[in-house]
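Worksheet: one structure, shown below.
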Amino acid sequence: MTLLGTDLPIVGAPMAGGTTTVDLAAAVTGAGGLGFLAAGYRTPDDLAAQVAALRERTHQLGVNLFVPSDERPDPAALRAYAERLRPVADAFGVTLTDPPLVDDDHWDAKVDLLTSDPVPLVSLTFGLPPREDVRRLQQPGSSVLATVTTAAEAREAEALGVDGLVVQGPSAGGHSATFDPRRTIEDVPTADLVRAVRAATRLPVVAAGGVAGPADVRELLAAGAEAVQVGTLLLRTDESGANRTHRDALVDPRFTETVVTHAFTGRPARALRNAFADEHGEDAPVAYPAVHHLTRELRATAARVGDAEHVHLWAGTGYRHAPTGPAADVVRALTEDL
């Protein structure tokens, strides 16, 4: 691959919160693709330890960073949402505390780390950072990829000077990378979005969103992507760090569809439709990461006790095709007909 330098055109999505493990990233790379580590929610020391551990197994790796926003949420809206959540929090024995209004996820320290200890690829999610930070990451030799969800965002990223794009379709599981979390996420096939971005920019593209099998990989490559990023298909693999409640929900017949909701974290994300999404999909303020911090302990407790109705069950539209077994088998199955 021109951008990735891999034998197979598959990227393991960086899934934050413990889902992407060193073992998972290593398995994807070992099978011929490229594994990414998720820096989101980790301290710089945790990230450094993960990079060191993965580098002992491969020198082909990437790291994903969350781009912070300086927008301050409305404290009154957060308090009102906390009150609406209080009955379910009380039922789980969880005390809702005031969340931090601004959290940059240790941005400067993580950029410093990846500048002093560079990796081949750094991807960015949730917007674009200052131009000087992109240049700092590139200076020691890293290629920088911006995650975009529209052709307009792709043009903006190209103008900033990034090296490539992760084009995320709306069928992708987990958080939307949209630069504007208040916009309506339109239902556009990922292949169509890839074609639109390719027409708007000259940058190489990694396509993400809604991959259920090898036919989707072939379609996205034919649309102009250089590689395809998969996340949901890896959730139930041996190396995944996804919790048991999440893994089981993906094959539970009571969960029949996914929805895009900001109820869990204050940013639009695709998840299995459950009681929490239904009850609070219209209530939650668009205020990431404050809502994430507000609901974090509630969701973690629900996951620990096996209550799938009150935890974020991130899933793309191809979730029913997520297999068990080694992650390497997923990579091979997706590329066997290429």
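Every number in this text was worked out from the coordinates using simple rules, so none of it is lab data. In this text the structure is predicted, and so the values were computed from the model without any measurement. Cβ sites come from the backbone with ideal geometry, for glycine too, and all protein chains shown count toward neighbours.
Side notes on the structure shown:
- Fluctuation leader among Leu78, Leu61, Leu272 - the chain, Gaussian network, Cα springs under 10 angstrom: Leu78
- For Ala191, net neighbour charge (Lys/Arg +1, Asp/Glu -1) across residues whose Cβ lies under 9 Å away: -2
- C-alpha center-to-center spacing [segment 307-338, segment 200-221] in angstrom: 16
- Of every Cα-Cα pair in segment 252-338, the percent that sits beyond 21 Å: 39
- Estimated dipole of segment 177-290 in Debye, rounded to 20 [Cβ of Lys and Arg +1, of Asp and Glu -1, Cα centre]: 320
- Over the chain: helical MRE at 222 nm, DSSP H runs n ≥ 4 each giving -39500 (n - 2.57), nearest 500: -11000 deg cm²/dmol
- Each Cα pair under 8 Å and six or more residues apart adds its separation to the average, and for segment 81-205 the resulting relative contact order is 20 percent.
- For the chain, the longest site-free run once GluC sites (Glu not before Pro) in DSSP loop states with at most 10 other Cβ atoms within 10 Å are removed: 57-185
- Convex hull volume per residue in cubic angstrom - Cα atoms of segment 115-260: 134
- With semi-axes defined as the square roots of five times the eigenvalues of the C-alpha gyration tensor, the equivalent ellipsoid of segment 10-64 measures 17, 12, 8 Å, largest first.
- Take every Cα pair under 8 Å whose residues are at least 6 apart in sequence, average their separation, divide by the length of segment 179-305, and the relative contact order is 17 percent.
- Once the convex hull of all Cα atoms in the chain is built, its volume per residue stands at 119 Å³.
- Loop-located trypsin sites (Lys or Arg not before Pro) across segment 23-73 with a Cβ neighbour count of 16 or fewer within 10 Å are Arg57, with loop assigned by DSSP.
- Modelled spin-label separation between Glu336 and Phe92, with each label point placed 7 Å from Cα along the Cα-to-Cβ direction: 3.9 nm.
- Only Lys, Arg, Asp and Glu carry charge here, each on its Cβ (+1 for the first two, -1 for the last two); on that basis segment 252-338 has a dipole of about 220 debye about its Cα centre.
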